[in-house]
Amino acid sequence: MTSVTPYDTGDRCEARPWVPSGTKVSEAIPADSFGKVDFDNDEGSTVCVVHVERRKDGRHIVHIQPLCDDTELDVVVDVDRANAQGTNVDATTSRGDRP
């Protein structure tokens, strides 16, 4: 018997690569297109696109591009303080009503 996963139930969006594996950088597909991930809901629609970049100051920034109605997406930063030494995360949420 196969176990049902959060992806099967729709509790978690499925990650899909933005650019197919094996695709080479070209004029048509610039380097900025790589490293992005689509997150699709159980209906197969993309909810958002996410990628992480390193800034000039050495910090990382997470980019989230919503592709759904803003009432369907909250952004939450979960920090494991016990394992994140010296963490100083600046974050805002799209809506403050999340439990």
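Before moving on, here are some points about what is shown:
- Listed by first and then second residue, the pairs linking a residue in the stretch 42-71 that is over 16 Å from Ala15 (Cα atoms) to a residue that is of a type in the set (Val, Ile, Thr) and not in a strand (DSSP E or B), with Cβ atoms under 8 Å apart and 6 or more places separating them unless they lie on different chains, form an empty list.
- When Val25, Val47 are checked against the criterion of being of a type in the set (Val, Ile, Thr), touching a strand residue (DSSP E or B) at 6+ places or on another chain (Cβ under 9 Å) and either closer than 16 Å to Leu67 by Cβ or open to solvent by 50 Å² or more (accessible area, probe 1.4 Å) (or both), Val47 stands alone in meeting it.
- The strands (runs of 3 or more DSSP E) located wholly in the chain that include 1 or more residues which are modelled with pLDDT under 90 occupy 14-17, 46-54, 60-66.
- Condition met for Ile61 (touching an Asp or Glu at 6+ places or on another chain (Cβ under 8 Å) and of a type in the set (Val, Ile, Thr)): yes
The values are calculated or read from the model by the stated rules, or taken from the named source; none is laboratory data. A quick note: this is a predicted structure, and the numbers were derived from the prediction, not measured. Here the Cβ is made from the backbone with ideal geometry for all residues, glycine too, and neighbour counts use every protein chain on show. These area figures cover heavy atoms from the full protein model, side chains too; ligands, DNA and RNA do not enter into them. Shrake-Rupley method; radii C 1.70, N 1.55, O 1.52, S 1.80 Å.
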